[in-house]
Amino acid sequence: MNAVTGGAGGFLSRFEGLRDRLPGASLERVRALREAGAATLRAKGLPGRRVEEWRYTDLAPVAQAHFTEALTAVGESPALPAARAPNRIVFVDGRLAEHLSQLPPHAAPLAARLEAAQELLAEDGGLPLVGLNAMMFEDGLFLDLPEGADAGTVEVLNLAAHGERPIAFHPRHVIRLAPGAKLTIVETSTGPAGAAYLHNPVYDIRVAEGASFTHVRVQREGRAAFQLSTIRARVAAGGTYDNFTLNAGGRLVRNEIHVVLEGPKAAAHMNGAQLVADGQHADTTTFLDHAAPDCPSRQTVKTVLAGKSRGVFQGKILVRQAAQRTDGYQMNQALLLSEEAEIDAKPQLEIYADDVKCSHGATVGALDPEQLFYLRARGIPAEEARAILVQAFLTEAVEGVTDPIAQAALEEAVSGWWEREAA
Amino acid sequence: MLRIEGLTAEIEGKQILKGIDLEVPKGEIHAIMGPNGSGKSTLSYVLSGREGYDITGGSVTWNGQDLLAMEPEERAAAGLFLAFQYPVELPGVGNANFLRTALNAQRRARGEKEVDAMAFLKLAREKLKQLQMSDEMLKRNVNVGFSGGEKKRNEVLQMALMNPSMAILDETDSGLDIDALRIVSEGVNALRGPDFSALVITHYQRLLNYIVPDRVHVLMGGRIVRSGGKELAEELEAQGYGQASAA
Ligand SMILES: Nc1ncnc2c1ncn2[C@@H]1O[C@H](COP(=O)(O)OP(=O)(O)OP(=O)(O)O)[C@@H](O)[C@H]1O
Ligand SMILES: [Mg+2]
């Protein structure tokens with residue numbers, strides 16, 4: 001590690017040894033993407049706080065950890081929670097474990113289908129973490145839904161299984177919906193409590209005309225873990241990308257989403273909730289590009305912070321000149337439960353079209369003393385009253401999710417959070 | 001018996017209650033009237049234990065206990081109920097859940113058995129019916145999007161469920177339509193008995209035709225300036241506070 005590579009040196013030197021053994025080594029485009037990724041990472045290093053988009057999130061702990069890649073799959077199968085949906089795809093340390101999965105139609109391990117999928121792998125766009133992923137990915141989900149297919153609800157489980165050694169895995173998920181296709185993914189990421197692993201997934205998502213993708217992510221990584229995820233979704237005319245991300249685990253987590261609304265009446269929802277307890281750092285950063293007319297977008301992100309913790313919300317909405325009659329809404333709210341908690345919120349609207357409706361708002365505050373008194377005056381003890389109000393904030397945060405399987409996964413992560421973490 | 005003696009209180013350094021003396025014997029209903037800003041709600045908040053007030057003097061005893069030394073939830077469990085002048089909205093908190101949690105918190109504090117969801121629903125439906133309210137109320141978030149009158153009715157529903165021995169009704173009649181006023185009054189009268197007392201704060205003599213008070217007090221400038229029978233309310237209605245207080 002040196003100053004030039006900003007903590008990326010370890011990854012870069014391991015890539016030197018791995019490049020011929022990684023999947024797709026014989027495929028021109030894959031090789032090129034890996035080399036380009038390495039070049040981006042070499043040039044920029046892990047992003048530092050001098051970079052505007054990373055002002056509030058410091059990757060120094062990631063840079064200082066000495067990760068290795070999990071080159072061999074773990075021997076025994078990890079214990080799995082009960083499946084929530086008939087089709088469940090299980091990843092262990094970033095590799096699709098077929099023997100643990102019930103793959104839905106049109107789904108496959110990316111490593112096995114790289115030849116078909118390579119055209120869908122997007123360039124890193126100068127993003128160092130995407131570069132890192134391009135350089136190192138071994139596997140991921142390749143889900144390619146044909147025209148009009150309805151895949152129902154698919155559960156994805158991302159497990160970190162390697163114990164003691166700090167390992168890093170960089171799964172690459174390629175998801176394409178042909179016109180009129182429908183898909184709901186409910187994804188949960190978890191790992192051992194004390195393991196300092198890095199989960200660095202990248203998603204290449206394409207939603208074609210009239211297709212609809214509901215993407216619910218429940219981040220419950222182990223409390224010493226890092227998750228740095230980047231989603232890039234392109235949505236064609238009349239299509240919908242509906243993302244809800246719950247950040248509840250991990251030591252340092254960044255959830256970065258880029259959505260481009262490319263055709264008229266394409267829609268995006270980028271909602272989320274962050275539950276940040278003592279010692280945790282959670283960052284939701286989104287970029288929404290309204291590039292076509294008549295597109296609606298909705299975003300509500302709620303963050304609740306306890307103990308000594310830090311939350312970040314950055315939400316940029318770009319409305320291009322072509323994007324007339326854009327209907328955008330953004331709201332971020334933070335509830336601070338301790339004096340030592342901190343939230344940085346940065347909404348950003350950049351509007352070049354003249355006929356648009358864009359509203360945004362933000363609130364930051366502690367529990368409302370009036371509400372607390374009302375509950376206590378009804379006989380509810382102070383601690384219980386606080387728990388009720390925190391739970392109410394969280395309930396409201398996940399309210400918009402309608403898929404029952406997703407609701408159950410969110411409910412499990414959210415209920416009792418305050419009692420577990422703060423009381 | 002509620003006994004308030006020489007009670008003085010301030011908020012943010014501003015003295016609001018300037019020596020309140022008031023006794024409400026068990027089984028009696030007393031009305032408090034008085035101009036805007038005279039300290040009626042402040043008195044109700046101090047009695048129910050809201051934070052932010054400095055009690056600078058005096059005492060409040062209730063059934064022999066030092067009321068001011070109790071936490072708000074202890075007062076509630078002991079049978080004190082405040083119907084808020086401005087009921088508070090609780091987004092994300094379902095009304096049914098809220099009511100049952102409150103009822104059970106009080107029961108637990110009193111060492112009584114908690115009521116389960118089924119028994120609660122039965123009880124709540126019965127009270128809703130008495131108050132001619134729709135079951136819909138239970139499904140909504142507490143006071144969120146309720147009309148002014150619905151909020152007041154929801155306060156009375158809570159009172160009916162909690163079955164307090166001392167109720168403070170802070171302008172519960174404001175915002176109620178004519179029918180609701182009668183129904184709500186019947187709700188209060190239903191609780192009337194040797195073990196139930198109430199302080200009814202109101203601006204309107206009309207309410208006191210329905211809930212007939214044993215005594216009427218006039219609160220002005222942080223003091224009780226006059227007390228009398230129910231006819232005092234009529235006198236106030238006719239003459240206004242200026243005349244009545246001078247009398
Ligand atoms: N937080 C506060 N800071 C400063 N002054 C306050 C505060 N709360 C109340 N007051 C003042 O205390 C006085 C008494 O208020 P209170 O609400 O008790 O009056 P009230 O008799 O209930 O009036 P109304 O009939 O309008 O309901 C008012 O002058 C009010 O402005
Ligand atoms: Mg008042």
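Checked against (1) within 16 Å of ligand 2 (Cβ to nearest atom); (2) out of contact with any Phe, Trp or Tyr (no Cβ under 9 Å at 6 or more places or on another chain), residue B:173 passes all but condition (2). Whenever a residue of region B:167-188 is within 14 Å of chain A (Cβ to nearest Cβ) and in contact (Cβ under 8 Å) with a residue 24 or more places away in the chain, its partners that are assigned to a helix (DSSP H, G or I) and within 16 Å of ligand 2 (Cβ to nearest atom), lying with C-beta atoms within less than 6 angstrom and at least six residues away or across chains, give the pairs B:168/B:44; B:170/B:41; B:170/B:44.
Of all residues in region B:13-59, exactly one satisfies the criterion of being within 14 Å of chain A (Cβ to nearest Cβ), surrounded by fewer than 22 Cβ atoms within 10 Å (Cβ to Cβ) and more than 16 Å from ligand 2 (Cβ to nearest atom), namely B:51.
Only one of the numbered conditions (1) surrounded by 21 or more Cβ atoms within 10 Å (Cβ to Cβ); (2) in contact with a strand residue (DSSP E or B) (Cβ under 7 Å, 6 or more places away or on another chain) is violated by residue A:212, and that is (1).
Looking at region A:320-423, what helices (runs of 4 or more DSSP H) fall wholly within it and have at least 3 residues that are away from chain B (no Cβ under 14 Å), under 24 Å from the mean Cα position of the chain (by Cα) and surrounded by fewer than 16 Cβ atoms within 10 Å (Cβ to Cβ)?
Details: elements: A:369-377, A:382-398, A:404-414, A:417-421.
Where helices (runs of 4 or more DSSP H) fall fully within region A:320-423 and carry at least 3 residues being away from chain B (no Cβ under 14 Å), under 24 Å from the mean Cα position of the chain (by Cα) and surrounded by fewer than 16 Cβ atoms within 10 Å (Cβ to Cβ), they are A:404-414.
Within region B:1-14, residues that are within 16 Å of ligand 1 (Cβ to nearest atom) and part of a strand (DSSP E or B) sit with their Cβ atoms under 8 Å from residues that are modelled with pLDDT of 95 or more and aromatic (Phe, Trp, Tyr), at 6+ positions apart or across chains, in these pairs: B:9/B:53; B:10/B:53; B:11/B:53.
Tell me yes or no: at least one residue of region A:106-120 is small (Gly, Ala, Ser), more than 15 Å from residue A:204 (Cβ to Cβ) and in a loop (DSSP other than H, G, I, E, B). Scanning region A:106-120, I find no residue that is small (Gly, Ala, Ser), more than 15 Å from residue A:204 (Cβ to Cβ) and in a loop (DSSP other than H, G, I, E, B), so the answer is no.
Going through region B:99-120 one residue at a time, which ones are basic (Lys, Arg), surrounded by fewer than 21 Cβ atoms within 10 Å (Cβ to Cβ) and not in a loop (DSSP other than H, G, I, E, B)? Spell out how you get there, then give the answer.
Just the residues of region B:99-120 that are basic (Lys, Arg), to begin with: B:100, B:107-108, B:110, B:113.
Those still in the list that are surrounded by fewer than 21 Cβ atoms within 10 Å (Cβ to Cβ) too: B:107-108, B:110, B:113.
Across region B:99-120, the qualifying residues are B:107, B:108.
In region B:202-227, the residues that are within 14 Å of chain A (Cβ to nearest Cβ) and touching a residue at least 60 places away in the same chain (Cβ under 8 Å) form no Cβ pair under 8 Å with any partner that is within 13 Å of ligand 1 (Cβ to nearest atom) and part of a strand (DSSP E or B), whether six or more places apart or across chains. The number of residues in region B:68-98 that are of a type in the set (A, V, I, L, M), outside any loop (DSSP other than H, G, I, E, B), free of Cβ contacts under 8 Å to residues at least 60 places away in the same chain and more than 8 Å from every other protein chain (Cβ to nearest Cβ) comes to 3.
Let's see how each residue does on (1) part of a loop (DSSP other than H, G, I, E, B); (2) modelled with pLDDT of 95 or more; (3) touching a strand residue (DSSP E or B) at 6+ places or on another chain (Cβ under 7 Å):
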{"site": "A:151", "(1), (2), (3)": "no, yes, yes"}
{"site": "A:154", "(1), (2), (3)": "no, yes, yes"}
{"site": "A:158", "(1), (2), (3)": "no, yes, yes"}
{"site": "A:161", "(1), (2), (3)": "yes, no, yes"}
{"site": "A:175", "(1), (2), (3)": "no, yes, yes"}
{"site": "A:179", "(1), (2), (3)": "yes, yes, no"}
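Going through (1) out of contact with any Lys or Arg (no Cβ under 9 Å at 6 or more places or on another chain); (2) touching a residue at least 40 places away in the same chain (Cβ under 8 Å); (3) away from every other protein chain (no Cβ under 14 Å); (4) more than 16 Å from ligand 2 (Cβ to nearest atom) one by one, residue B:164 falls short only on (3). Out of contact with any helix residue (DSSP H, G or I) (no Cβ under 8 Å at 6 or more places or on another chain) and without any contact (Cβ under 8 Å) to a residue 12 or more places away in the chain: does that describe residue A:43? Yes. The strands (runs of 3 or more DSSP E) found wholly in region A:229-298 and carrying at least 3 residues that are without any contact (Cβ under 8 Å) to a residue 60 or more places away in the chain and farther than 20 Å from residue A:357 by Cα occupy A:240-247, A:252-261.
On inspection, residue B:51 fails the criterion of being more than 9 Å from ligand 1 (Cβ to nearest atom) and part of a helix (DSSP H, G or I).
The values are calculated or read from the model by the stated rules, or taken from the named source; none is laboratory data. Computed from a predicted structure; not experimentally measured. Heads up, the Cβs are rebuilt from the backbone with ideal geometry, glycines too, and the neighbour counts pull from every protein chain shown.
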